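> This is the structure I want to talk about, given as C-alpha cells.
We did not get these values from a lab; they are worked out from the coordinates using the rules stated. Nothing here was measured: the structure is a model prediction, and the numbers come from that model. For neighbour counting, all protein chains shown are included, and Cβ atoms are generated from backbone atoms with ideal geometry for every residue, glycine included.
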Amino acid sequence: MKRVRKNFVVTVLLLGAAAALGLMISSRLQEQSGKAGARQASRSVPVEVAPIQRGPIELHRTFSGTLESPARLVVAPKISGRIEGLNVDLGDTVRRGQVVAELDDDEYVQAIILAKADIEVAKANLVEAKSALEIAARKLKRFEMLRERRATSDSEFDLAEADHLGKLARLEVSKAQLTRAEASLETAKIRIGYTKVTAGWTGGDDYRVVADRYVNEGETVSANTPLFSIVEVDPIIGVIFVTEKDYIHLKRGQAATLTTDAYPGKQFQGRISRIAPVFRTTTRQAKIELTINNPQQRLKPGMFIRATVVLDRIADATIVPGQALTTRDDKDGIFVVNDDGQSVAWREVKVGIREGNRVQVEGEGLSGYVVTLGQQLVEDGSKITIPGDSSKTDSTPKEAPRK
C-alpha cells in the first residue's frame, strides 16, 4: 500500500514538472514570434505597381461558326430529253437568266411544224365554212321570198333554214379548230423553249456561282432532274450560336469582326441581320445570322469563322491590370499605393468588364497606382518598396489609351 502511494506521488511530481516545462517553452516561442512579427511589420515588401487608368473599355465575345449562302437555286429542266450541251461548269459565274444547258429539241421542232400545218388546215376549213355559209344564206333568202309569194312549201323552206343553221355551226367549229391549232403552236413554242434551261431567280444579286454540277453532256434526263446548284456568295451569311448569357446583349444591326483560317490576319466586317426567337432544346443556344459583304468572293460557303462582337462598352471606366485583383475574406479588391509611396491600402472593388488583361473596377479611393506583383505578401497598411523607377510613387491617375 505504501509502495502504491509512493508511485502516485512520483507520477504527480513528473506531470507537474512537464507542465511547467511546457509553459516555459510556449512563453519563449510567443516571445520569439512577437519579435519576428515586429521585424516583419517593420520590413518593407518589394512590389511591382501599375497606374490605375481611366478610359473606355469594351466587352468582347468571340463565337465560332460557319459561312452559308443566303440563297441557293437548283436548276432543273421542265421537260425530259438528252443533254446536248452544258454552258457552265463548277465554279463558274452565272448571270441571272443565262442559258446554262441545252436539251435535244428535234421532237419539239417537229411539233412546231405539225402545229403550223394544223393552223393552215384550220384556216382552209374556215374559208370553206364561210363560203358554204354565204351560199346557204342566199338560198334561205330566196326561199323566204318564194314563201312570201306562196311559191314554195313550208317543208322546202324548213330544209333551207336548217341548211343555213348547219353551215353557221360549221363556221363556228372551224373558228374553234383554228384557235386550237394556234394554241397548239404556242404550246410547241413554249416546250421548245424549255430545251434551253436557264438560271432564273428573283431578288439578290444578278450574279451567282455554280456550286455543284450533277450531270454530264449526252445524258438523258427526266423532267425536274437537278442539273446544277447555283449559290449567292455576295453578300454571304455567317451563322453562329450563342448562349442565354450573351443572347441578351445582341441586337440586329450590331457590328461584328470576322476572321477565318483561310486568310490569316485578314479581318472581314459584318452585321447581325437575324436573331432566332427560340433556343434549341438540345444545346440551349440560339441561332444568329450575320450578313457579310463579299465583293471579291474570298469567303466561301462552308468555311469556318470566328466572329467577335462587342456586347457592351463603357466610355469612362476605372481600369486596372487583371493581375492586380486579389481576394481577402472572400471579397475582391486591390492594394492601392498610398500618397506617401511607401505603404498600401486595401480597397474592396466590384469587378466589371474584362478586356484582355484590362479589368473595369468600381469602388472608393481608386486612383494613383495599384500593386500588380507581391500583393500576396502585404496587408492593409503594409510598408512597401517599389524597385527601379521612383516616379511610380506619383499618384496622378492615368488615362487609358483610347481605341
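> Pairs of Cα atoms under 8 Å, at least six residues apart: use those to get the relative contact order of segment 106-193, whole percent.
RCO, segment 106-193: 53 percent.
> Pop a pseudo-label 7 angstrom from the Cα along the beta-carbon direction at both Asp261 and Ala345 and give the gap in nm to one decimal.
My value for the distance between the label points is 5.3 nm.
> If one computes the Cα centroid of segment 150-169 and of segment 270-345, what distance in Å separates the two points?
A separation of 99 Å, based on Cα centres.
> Can I ask one more? Using the scaling law 2.2 N^0.38 Å as the reference, what is the normalised Cα Rg of segment 185-281?
Output field value: 1.68.
> Through the Karplus equation 6.51 cos²θ - 1.76 cosθ + 1.60, θ set to phi - 60°, convert the phi angles of segment 233-247 into ³J(HN,Hα) values in whole Hz; use x for Gly and Pro.
My calculation for segment 233-247 gives 10, 9, x, 10, 10, x, 10, 10, 10, 10, 8, 4, 4, 8, 4 Hz in order.
> Further, regarding this structure: Can you list residues whose amide H is under 5 Å from Ile52's amide H, if they're 5+ apart or on another chain and H is modeled 1.01 Å from N?
Amide H neighbours of Ile52, under 5 Å, 5+ apart: Gly368, Tyr369, Val370, Lys398.
> Next up: If I take R0 = 35 Å and measure r between the Cβ atoms of Val127 and Glu219 in this structure, what FRET efficiency does the formula 1/(1 + (r/R0)^6) give, to the nearest 0.05? Don't skip to the end; give the middle numbers.
Details: r = 48 Å, r/R0 = 1.36.
Calculated value: 0.15.
> Relative contact order for segment 241-284 using alpha-carbon pairs under 8 Å, separation at least 6, rounded to a whole percent? Numbers along the way, then the final one.
Details: 35 pairs, mean separation 16.2, N = 44.
The value is 37 percent.
> Once you charge only the Cβ atoms, +1 for Lys and Arg and -1 for Asp and Glu, what is the size of the charge dipole of the chain about its Cα centre, to the nearest 20 debye?
Here the chain has a charge dipole of around 2140 debye.
> I would also like to ask the following. Run the numbers on the chain and let me know its relative contact order in percent, using alpha-carbon pairs under 8 Å that are six or more apart.
Value for the chain: 27 percent.
> A follow-up question, please. Which aspartates and glutamates does Lys251 reach when only Cα atoms under 12 Å apart count, and residues fewer than 8 places away in its own chain are ignored?
Glu289, Asp312
> Compute the signed sum of charges (Lys and Arg +1, Asp and Glu -1) over the other residues within less than 12 Å, Cβ to Cβ, of Lys123.
-1
> Quick one: dipole size for segment 106-193, taken about the Cα centre, charges +1 on Lys/Arg Cβ and -1 on Asp/Glu Cβ, in debye to the nearest 20.
Magnitude of the dipole: close to 320 debye.
> So if I place +1 on the C-beta of Lys and Arg and -1 on the C-beta of Asp and Glu, and nothing else carries charge, what would the dipole magnitude of segment 121-278 be about its Cα centre? I want it in debye, nearest 20.
480
> Here is a follow-up. Report, by chain and number, residues whose modeled amide H sits under 5 Å from the one on Glu68, excluding near sequence neighbours (fewer than 5 apart, same chain).
Residues meeting the amide H criterion: Ile237, Gly238, Val239, Gly302.
> Past 27 Å, Cα to Cα, is the threshold; run Lys116/Lys196; Lys245/Lys300; Lys78/Lys287; Lys287/Lys350 against it and keep the listed order.
Lys245/Lys300; Lys78/Lys287; Lys287/Lys350
> Taking only Cα atoms and a 10 Å spring cutoff, compute GNM fluctuations for the chain and point out the largest among Ser155, Ser44, Ser273.
Ser155
> If you compute Cα Rg over 2.2 N^0.38 Å for the structure shown, which of (i) 2.26; (ii) 1.04; (iii) 0.93 do you land on?
From the options (i) 2.26; (ii) 1.04; (iii) 0.93, the structure gives (i).
> Helix-only estimate, please: 222 nm mean residue ellipticity of the chain, summing -39500 (n - 2.57) across DSSP H runs of length 4 or more and dividing by its residues, to the nearest 500.
Values: 4 runs with 128 residues, N = 403.
Value at 222 nm, helices only, nearest 500: -11500 deg cm²/dmol.
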